[in-house]
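J.: Can you read through this structure? Questions will come right after.
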Amino acid sequence: MGMYSSYLILWLSLLMSCCAPLSLAIHQHKRWPIGGSTRFYDFKVQTLKVTKLCKTRDIVTINGMYPGPVVYAQEDDRVIVKVTNETPYNATIHWHGVRQRLS
């Protein structure tokens, strides 16, 4: 029995040494690229005339889009957004779910 347990331990150690680098390579392949880049956005808040159901009214858009554009970023990215209000109204942009530091 002692001889078989030695073979079993040897076989398991060989199996672990062969599979460990493979699992490490698979894990590294699934990771996102390292963040830390700076992303710049330019938002122009504008009014746009829209007609629906025979009624025309002004709506507030960002870069002519409603809802506004999507901001793409990864963890550790710095996002810089220049917002220009071209409407006659005061405007507020709410950044949903974003922790803001130094803003």
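None of the figures in this text is laboratory data; all of them are computed from the coordinates on show. Given the structure is predicted, the values throughout are model-derived calculations rather than measurements. In this analysis, Cβ positions are derived from the backbone assuming ideal geometry, glycine residues included, and neighbour counts consider all displayed protein chains.
J.: Under a 5 Å amide H to amide H cut-off, with H placed in plane at 1.01 Å, what residues pair with ASN85 once short-range neighbours are removed?
T.: Under 5 Å from the amide H of ASN85 lie the amide H atoms of VAL45, each far enough along the sequence or on another chain.
J.: With charges only on Cβ, +1 for K and R and -1 for D and E, what is the dipole size of the stretch 38-85 about its Cα centre, in debye, rounded to 20?
T.: Here the size comes out at about 420 debye.
J.: Sticking with this structure for a sec: Could you derive backbone 3J(HN,Hα) for the stretch 71-84 from the dihedral phi with the Karplus parameters 6.51, -1.76 and 1.60 (θ = phi - 60°), listing whole Hz in sequence and x where the residue is Gly or Pro?
T.: Those phi angles translate into 9, 9, 7, 10, 4, 6, 7, 9, 10, 10, 10, 9, 10, 10 Hz.
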